[in-house]
1. If you take percent of Cα pairs over 22 Å apart from the coordinates, which of (1) 61; (2) 48; (3) 54 do you get?
2. Sort segment 59-185 into rounded, prolate or oblate with this rule: let a ≥ b ≥ c be the square roots of the eigenvalues of the Cα gyration tensor; rounded if a/c is under 1.5, and if a/c is not under 1.5, prolate when a/b is larger than b/c, oblate otherwise.
3. Taking Cα centroids, how far is segment 153-192 from segment 72-110 in Å?
4. Quick one: net charge of G40's neighbours, Cβ under 12 Å, K/R +1, D/E -1?
5. Multiply the residue gap between N168 and H81 by 0.36 nm, knock off their C-alpha separation, and tell me the result in nm, one decimal place.
6. Given a 1.4 Å probe and heavy atoms of the protein chains only, how would you sort W186, W19, W208, largest accessible area at the top?
7. Determine, from the Cβ-Cβ distance of T23 and M1 and an R0 of 35 Å, the FRET efficiency 1/(1 + (r/R0)^6), rounded to the nearest 0.05.
8. Only Cα pairs within less than 10 Å get springs; with that Gaussian network setup on the chain, which residue of V203, V54, V141 has the largest fluctuation?
Amino acid sequence: MRPVIGVTAYTTTATWGPWRDLTSTLVPHDYVQNVTAAGGRAVLLPADDLDAGVLDRLDGLLLAGGADVDPALYGERPGPHTEPDPNRDAGELLLLRTALARDLPVLGVCRGVQLMAVAAGGRLHQHLPDTLGHDKHKPAVGVYGSHGVRFAPGSRIAALLGDDAEVNAYHHQGVADPGALTATAWADDGLIEALEDPAKRFVLGVQWHPETAADQRIFRAFVAAAA
């Protein structure tokens with residue numbers, strides 16, 4: 001049987017066929033497509049903080065992108081540009097912490113790496129233009145940015161992607177403090193772009209969106225670890 005990968009999902013309004021603005025549980029198909037292409041079986045995980053029992057049926061956990069992480073989780077008040085999703089935070093933090101305790105492979109993408117940092121005792125930059133003085137990480141609504149990334153020698157991400165890479169980006173928040181995790185990649189402007197836990201079987205978070213690119217290396221490594 002293929003490794004079963006749980007993919008955290010959005011709860012949002014969606015429109016298709018005859019249905020208009022229907023509250024829905026969904027995730028961009030790029031995540032599912034990449035898990036499938038890497039040899040895994042993707043299942044969607046709606047926000048649910050009642051228990052983490054679903055992990056008994058999973059071989060890996062993929063924390064997908066989405067809304068801002070609630071600043072209350074790292075002791076700050078929301079700024080004017082912050083739009084958190086507390087229900088999703090609660091459900092995903094329960095899954096993440098339980099998965100880490102079980103040494104289940106974890107991959108975090110965009111919001112996912114930010115949640116990993118917060119769960120590890122770190123904190124976030126709430127609005128990067130205020131911190132960095134530019135909007136290259138999210139140049140416009142619905143438009144991906146592009147920038148270079150350098151990797152820490154000897155890290156898992158360096159082993160997968162080489163010395164450096166050009167990546168896509170769509171986020172206005174970022175990791176300010178990785179907490180107990182290890183930062184292993186940085187953007188041209190110094191922003192943390194990847195986090196790892198070398199003591200675990202596979203714990204990797206990336207700030208960019210590998211699911212929208214044609215490069216399968218991260219997903220193949222993740223699914224292989226889950227197998």
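The values are calculated or read from the model by the stated rules, or taken from the named source; none is laboratory data. This is a predicted model, so every value here is computed, not measured. Positions of Cβ are backbone-derived with ideal geometry, glycine not excepted, and every protein chain shown enters the neighbour counts. Note: areas computed on protein heavy atoms with side chains; ligands, DNA, RNA excluded. Shrake-Rupley method; radii C 1.70, N 1.55, O 1.52, S 1.80 Å.
1. Computed from the coordinates, percent of Cα pairs over 22 Å apart corresponds to (2).
2. Oblate shape, in that a/c is at least 1.5 and b/c is the bigger or equal ratio.
3. The distance from the Cα centre of segment 153-192 to that of segment 72-110 comes to 18 Å.
4. Result for the local shell: +2.
5. Stretched fully, the N168-H81 segment lengthens by 29.2 nm.
6. The ordering from most to least exposed comes out as W19, W186, W208.
7. E(calc), rounded to 0.05, equals 0.60.
8. In the Gaussian network model the winner is V141.
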